[in-house]
1. So how far apart, in nm, are the two label points at Ala217 and Arg168 if each is 7 Å from Cα heading toward Cβ?
2. For Val27 and Ala124, what is the calculated FRET efficiency with R₀ set at 35 Å and r taken between the beta-carbons, to the nearest 0.05?
3. Listing Glu22, Glu36, Glu212 from the residue with the fewest other Cβ atoms within 10 Å to the one with the most, what is the order?
4. Calculate, for Gln158 and Ala72, the FRET efficiency according to 1/(1 + (r/R0)^6) with r their C-beta to C-beta distance and R0 25 Å; round to the nearest 0.05.
5. For the range 34-41, in order, what is each residue's ³J(HN,Hα) by Karplus, 6.51 cos²θ - 1.76 cosθ + 1.60 with θ = phi - 60°, in whole Hz (x at glycine and Pro)?
6. Per residue of the range 194-210, in order, report the coupling 6.51 cos²θ - 1.76 cosθ + 1.60 (Karplus, θ = phi - 60°) as ³J(HN,Hα) in whole Hz, putting x for Gly and Pro.
7. Counting other C-beta atoms within 10 Å, which of Ser116, Ser198, Ser157, Ser152 has the fewest, and how do the rest follow?
8. List the residues whose amide H sits under 5 Å from the amide H of Ser135, counting only those 5 or more places along or on another chain, with H placed 1.01 Å from N in the peptide plane.
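Every read-out reported here was derived from the displayed coordinates using simple, explicitly stated rules and does not represent laboratory data. Owing to the predicted nature of the structure, the values given are computational and were not obtained by experimental measurement. Counting neighbours? That spans all protein chains shown, and the Cβs are built from the backbone with ideal geometry, glycine included.
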Amino acid sequence: MNRVILPFVVLAASSVSALPQELTKCVAGQQVVDREGKTGIIVADDNKLCQVKYADGQIYNWIFWNLRPTTASDKPASPAPGAATPPTNTPANLTVLRPASSRSLVYRADRRGHFSLMAMINGAPLRLVVDTGASLVALTLDDAQAAGIGRSELVFSQLTHTANGTVRFAPVLLREIRIEQLAVDNVPAAVIENLDQSLLGMSFLKRLKSFEMRDGALTIGW
């Protein structure tokens with residue numbers, strides 16, 4: 001399977017409201033407010049993943065764009081007295097941990113450690129592999145055609161880098177991606193030449209309330 005790392009992310013169509021003054025990176029020691037309005041302190045950082053400790057001693061790991069710096073109107077938080085010092089390294093098998101959602105789906109990894117699931121894209125059933133390294137949902141030519149996107153509609157005007165070198169792709173906007181009870185409209189995507197497997201990338205995953213990869217299971221919430 002080609003792992004696709006797309007050089008940009010299109011988020012203008014996102015229905016999830018961004019937090020004001022959201023972080024651009026994790027910085028240990030910074031006081032922040034999360035999506036739930038709770039204040040905590042970043043005690044460890046791993047590029048995009050911030051480990052936040054709250055006043056009650058609990059620790060959650062958040063992707064940086066779900067946090068914002070505290071302001072004068074925010075209530076400051078300090079670690080609970082006597083709370084143990086958290087580890088400085090984020091567990092390798094943890095992608096993102098957020099407070100539980102009331103609606104969620106759970107998938108198990110296959111023998112190769114990949115999360116493969118069926119989704120309805122523009123009403124067509126397609127199998128996709130979850131790839132948090134892909135900025136956009138990526139479709140093969142055949143899957144794009146199955147989703148009602150004709151080859152004559154595709155303009156391969158962009159370049160991206162894959163494990164097999166530089167390839168061209170056509171930017172598209174998917175009317176709907178539906179996974180069981182979950183449906184997300186207007187999802188930016190890319191149709192990529194010579195792609196072997198369609199990928200469920202961050203242009204979809206960022207629209208969710210939460211997603212977590214841990215202990216061989218993928219949990220998505222909305």
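1. With each label point 7 Å from Cα toward Cβ, the separation is 4.5 nm.
2. 0.20
3. Listing Glu22, Glu36, Glu212 from fewest to most nearby Cβ atoms yields Glu36, Glu22, Glu212.
4. Computed FRET efficiency for Gln158 and Ala72: 0.05.
5. 8, 5, 8, x, 8, 9, x, 10
6. 6, 7, 7, 9, 5, 10, 9, x, 6, 5, 8, 4, 6, 7, 7, 6, 7
7. Fewest-to-most Cβ neighbours within 10 Å comes out as Ser152, Ser157, Ser116, Ser198.
8. The answer is Leu6, Met202.
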